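Scroll down for the structure; my scribbles are underneath it.
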Amino acid sequence: QEELVESGGGLVRAGDSLTLSCAASGGALSTSAMAWFRQAPGKEREFVGGITRIGSFTFYADSVKGRFTIQRDDAANMMYLQMNSLKPEDTAVYYCAATLRVGASWDPSWYDYWGQGTQVTVAS
């Protein structure tokens with residue numbers, strides 16, 4: 001059973017940078033594609049970016065492309081989301097997700113495991 005735990009959230013100012021971490025305790029991170037999602041109060045959960053199981057290819061939502069970067073370290077069972085040039089509209093709870101399916105997807109229904117989320121608040 002895979003357990004995911006996010007960390008690194010906090011209160012920052014517009015223009016700041018922040019790095020989120022996702023730790024996988026089940027020891028199966030190397031078998032999964034992974035992604036980051038976010039959800040603001042009263043809004044649907046939205047895709048942020050994904051990284052493939054093989055090759056570590058990344059892709060991002062247009063809203064964060066060029067500002068956010070995903071990396072994974074399978075040996076350490078860790079995934080990271082580096083966020084630069086943060087904007088108030090980036091404020092949300094950020095979730096990491098993993099799937100045993102082939103490839104990564106923008107669709108949250110593709111993911112089997114979810115963390116509890118970490119709050120990112122960007123002040124104006």
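The values are calculated or read from the model by the stated rules, or taken from the named source; none is laboratory data. For clarity, every value in this text was computed on a predicted model and none was experimentally measured. When we count neighbours, we look across all protein chains shown, and the Cβ atoms used for this are built from the backbone with ideal geometry, even at glycine. For accessibility, only protein heavy atoms count, side chains too; no ligands or nucleic acids. Shrake-Rupley method; radii C 1.70, N 1.55, O 1.52, S 1.80 Å.
Do you know which residues across the stretch 72-95 are surrounded by 23 or more Cβ atoms within 10 Å (Cβ to Cβ) and at pLDDT below 95?
79
Inside the stretch 96-107, can you point out the residues that are modelled with pLDDT of 90 or more and in contact with a strand residue (DSSP E or B) (Cβ under 6 Å, 6 or more places away or on another chain)?
The answer is 96, 97, 98, 106.
In the stretch 32-46, what residues are more than 14 Å from residue 63 (Cα to Cα) and among the aromatic types (Phe, Trp, Tyr)?
Within the stretch 32-46, no residue meets the criteria.
Could you please find all residues in the stretch 42-71 being open to solvent by 50 Å² or more (accessible area, probe 1.4 Å), under 12 Å from the mean Cα position of the chain (by Cα) and aromatic (Phe, Trp, Tyr)?
Passing the criteria: only 59.
Mind listing whichever residues of the stretch 65-96 are part of a strand (DSSP E or B) and either among the charged types (D, E, K, R) or touching a Pro at 6+ places or on another chain (Cβ under 7 Å) (or both)? Talk me through it step by step, then tell me what you get.
Going residue by residue through the stretch 65-96, those that are part of a strand (DSSP E or B) are 68-73, 78-83, 92-96.
Selection gives 72, 73.
Please go through the stretch 16-41 and give me each residue that is modelled with pLDDT under 95, more than 15 Å from residue 115 (Cβ to Cβ), open to solvent by 60 Å² or more (accessible area, probe 1.4 Å) and not in a helix (DSSP H, G or I), ordered by number.
41
Looking at (1) closer than 17 Å to residue 14 by Cβ; (2) part of a loop (DSSP other than H, G, I, E, B); (3) without any contact (Cβ under 8 Å) to a residue 60 or more places away in the chain, which one does residue 44 not meet, given that it meets all the others?
Evaluating residue 44 over (1) closer than 17 Å to residue 14 by Cβ; (2) part of a loop (DSSP other than H, G, I, E, B); (3) without any contact (Cβ under 8 Å) to a residue 60 or more places away in the chain leaves (1) as the failure.
Kindly establish whether residue 122 is surrounded by fewer than 14 Cβ atoms within 10 Å (Cβ to Cβ), touching a residue at least 60 places away in the same chain (Cβ under 8 Å) and either among the hydrophobic types (A, V, I, L, M, F, W, C) or closer than 22 Å to residue 12 by Cα (or both).
Working: surrounded by fewer than 14 Cβ atoms within 10 Å (Cβ to Cβ): no; touching a residue at least 60 places away in the same chain (Cβ under 8 Å): yes; either among the hydrophobic types (A, V, I, L, M, F, W, C) or closer than 22 Å to residue 12 by Cα (or both): yes.
When the stated conditions are applied, residue 122 does not pass them.
Would you check if residue 53 is of a type in the set (D, E, K, R), closer than 20 Å to residue 106 by Cα and not in a loop (DSSP other than H, G, I, E, B)?
Numbers: of a type in the set (D, E, K, R): yes; closer than 20 Å to residue 106 by Cα: yes; not in a loop (DSSP other than H, G, I, E, B): no.
Judged against the criteria, residue 53 is not a match.
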